[in-house]
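Here's the structure we're looking at; comments come further down.
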Amino acid sequence: MTQNKQKSRLVIASSPHLKSPIKTSHIMLDVLIALVPVILATTLIFGTRVILNIFVAVFFAVLTEYIARKIMKRPQTIQDLSAAVTGVLLALNVPVEMPLWQLALGSIFAISLVKQAFGGIGQNLVNPAMITRLVLVSSFSSSFTNPSVPIQSFVNFAHSTGLSGITPDAAVDGTSSATFLYVLKEGISADESVPNIFDLLIGNQRSTAVGEVCSLAFVLAFIYLLARKVITWHAPISFVGTVTICSFLYGSLDFRYVILQLLSGGLLFAAIFMATDYTTTPLTNKGKLIFGIGCGLITCLIRFWGSLPEGVSYSIIIMNILTPHIDRFTIDEPLG
């Protein structure tokens, strides 16, 4: 009887067998703390509806995980905070005015079909928040048609500094609702109100994902996660570095064009929070470099020559799918 009990505790799994003394809940708590500057900046820029969106997304993500684990008769995992992180990331990946029921459906999809259907945390093939964003874009495209616009009080503040390139009147002009990446792709016309580098740094720009806009917040998040050793520099730096080089060459060696490409869209958001996901990215530093370079190349291919203005989401998902193959070629085989 004792021998049978011992056998039942054995877990058969393919190598590599990696162990870490750090609990998942500690890692996820650090990620949530790193997201605080992003949430605060986004709330200042787009208003308190951002907080409501986050609450709804997190509530349904945690509830879905709880119910899914109950149905599958497996130990509860809501205490590891991974579902909460997915909810926050999803809420920051959609427009501020997205209907709450659509956001709730997104959280249910992310947890039930992308995460729990494959066995839960550590088993999903792709990033739940990122693939769910693409599903929501495909299913409810009208919700993504009009980008989120900064609230008037924030625009007035940015303009009062004298550094903003967007006038308060232009910021609320309903006929000028394209994101800056779209404007950059199609060419800047004479009547376009173009954000300058200061606008892009503080988040004074339109966006289809509210969490993409404040570059300064991402710098703080990156520093915190590095300091806490939650992430390494390899994937984020190789991702951003590849986009930098490609933009420099494509933009006829125009340094300003490079800055505009780096600070527009979801590049920094994805590089810091999506390209560093433990489950869906490579295990080795060499693999992380390859992952980041691949993300950068795919992003630039879509931005420069594709029909869409942004390619970050697709780059992350494609490289997620390739991660097992990257691991296969970058993890040293055990001797003996």
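Bear in mind these aren't lab numbers, they're just calculated from the coordinates by the rules spelled out. Predicted model, so just to flag it, every value in this text is computed and none were measured. A quick note on method: Cβ atoms are made from the backbone with ideal geometry, for glycine too, and the neighbour counts reach across all protein chains shown.
Taking every Cα-Cα distance in the range 285-336 and sorting them into 10 Å bins from zero, the calculated P(r) comes out as 26, 42, 22, 7, 3, 0 percent. When the Cα atoms of the range 207-330 are aligned to their principal axes, the ranges along those axes come out at 36, 29, 26 Å in descending order.
Remark: the range 182-330 carries a charge dipole of roughly 560 debye about the Cα centre, counting +1 on each Lys and Arg Cβ and -1 on each Asp and Glu Cβ.
Counted by Cβ distance under 14 Å from Phe291, the other residues give a net charge of +1, where Lys and Arg count +1 and Asp and Glu count -1. Rg then Dmax, both in Å and based on the Cα atoms of the range 256-320: 11.7, 36.
What does the highest-first list of 140-147, 255-262 look like by mean Cβ count within 10 Å?
Result, highest mean Cβ count within 10 Å first: 255-262, 140-147.
Annotation: amide H of Ser207 within the under-5 Å range of Ser148, sequence separation 5 or more or interchain, hydrogens built in the peptide plane. Net charge of the neighbourhood of Thr42, taken over other residues with C-beta under 11 Å away and scored Lys/Arg +1, Asp/Glu -1, is 0. The value for the range 24-144 of Rg(Cα) / (2.2 N^0.38 Å) is 1.01. The Cβ shell under 12 Å around Glu65 holds other residues with a net charge of +3, Lys and Arg each +1, Asp and Glu each -1.
Given contacts defined as C-alpha pairs under 8 Å and at least six residues apart, what's the relative contact order of the range 182-330, whole-number percent? With pairs under 8 Å counted, the relative contact order is 24 percent. Label-to-label distance, Gln79 versus Leu301, with points set 7 angstrom from Cα along the beta-carbon direction: 4.5 nm.
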